[in-house]
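Written below as structure tokens is the structure these notes are about.
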Amino acid sequence: SGQASVMYSPRYTPGKNTDVCFISFYYSMYGANMGSLKVAPHLGLIDPTAFCRTGQQQADGDTWGRGLIWVRPAGNSFSIAVSAVTVNGNLGDIAIDDISVSCCKEVCEDFYPATFECSNDGFVSVSGWKRIQARTIDHTTGLPSGFVFQVASSTVDRVLRLTKTLPTSGSQRSCNLHFWLWMEKPEIDALRISLVIGGAGLSFYIGPMSSITSDASKWVKILAGNFQIPGGITAVTMEFVAKGTYSYLQLDDVRLVCCPLVKPTLPTIATPLSQRTATPTIAQTTTPTTTPTTTP
């Protein structure tokens, strides 16, 4: 009961031009006394992602699930730490197999994948939000055993905040914010997402949720995107502000994905010099958009 096991891989040394390393593996967690599994990079890396699961994850002992995490080594070597815990008896088997590491030069950057399975992932509840076990099916795991951030109905603002340090970039980036919402009753008056980027603020207003979904048993994906982060900016503050007459609102799988901003290139057309005109200007827009989708 309550036995913990930890093992470490050999150290990996990425090449000089490596931006990101992906760690892929397969895992099995089956049995009535199942505890938890955590797979994470080890040895002093800044802000690595981690894989965490709690409780039985497979329907039988012959089924495997796939896990994926990644790190930005910044020229450092690293190893992989695997820790497993069983609880309340010996009817629980945890296995891991086929661990692979691949490193590459990355174009787009997934600055912050927050699943809340291991921890708060840097988010701080200013008022009203709590990290809890999902009230229904967790979006990350597809099981009732996962973790989310939840807020209860309130007539005042309930604030969940993250201040995130970004990798330094000399170029402008085009970004999208992805996250998933679930409500016990889709009657929320408003959910406001505020981003403060280098002193400049952006706000996305989502609501009423009844206009997005009438099915409280589904997670709803929200895409708030098409905004830009100037080159040289290294910090973003993100706030989720909930206020309304819903019963419970849950938040899961928050991601901020940014890619280099590429200016459009006009085609070259061979015309006589006397017929040539000035190259037209194509306007760039930065209007934020929100696009909801649903998932069972």
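Observations on the structure shown:
- Applying the condition of being within 19 Å of A224 (Cβ to Cβ), open to solvent by 20 Å² or more (accessible area, probe 1.4 Å) and outside any strand (DSSP E or B) to the range 135-193 and asking which residue is modelled with the lowest pLDDT yields P186.
- Exactly one residue among I69, I96 is surrounded by 16 or more Cβ atoms within 10 Å (Cβ to Cβ) and at pLDDT 90 or above, and that residue is I96.
- Selection within the range 216-232 - at pLDDT 70 or above, open to solvent by less than 10 Å² (accessible area, probe 1.4 Å) and in contact with a Pro (Cβ under 8 Å, 6 or more places away or on another chain): V220, I222, A224, F227
- When the range 1-25 is filtered for residues that are over 17 Å from A50 (Cβ atoms) and open to solvent by 80 Å² or more (accessible area, probe 1.4 Å), the ones remaining, listed by number, are S1, Q3, P10, R11, T13, K16, N17.
- Of the residues examined, S210 is one that is modelled with pLDDT under 70, part of a helix (DSSP H, G or I) and either open to solvent by 40 Å² or more (accessible area, probe 1.4 Å) or in contact with a helix residue (DSSP H, G or I) (Cβ under 7 Å, 6 or more places away or on another chain) (or both).
The values are calculated or read from the model by the stated rules, or taken from the named source; none is laboratory data. Quantities reported herein were computed from a predicted structural model and do not represent experimental measurements. With ideal geometry, Cβ positions are generated from the backbone for all residues, glycine too; neighbour counts draw on all protein chains shown. Remember, those area values only see protein heavy atoms, side chains included, never the ligands or the DNA or RNA. Shrake-Rupley method; radii C 1.70, N 1.55, O 1.52, S 1.80 Å.
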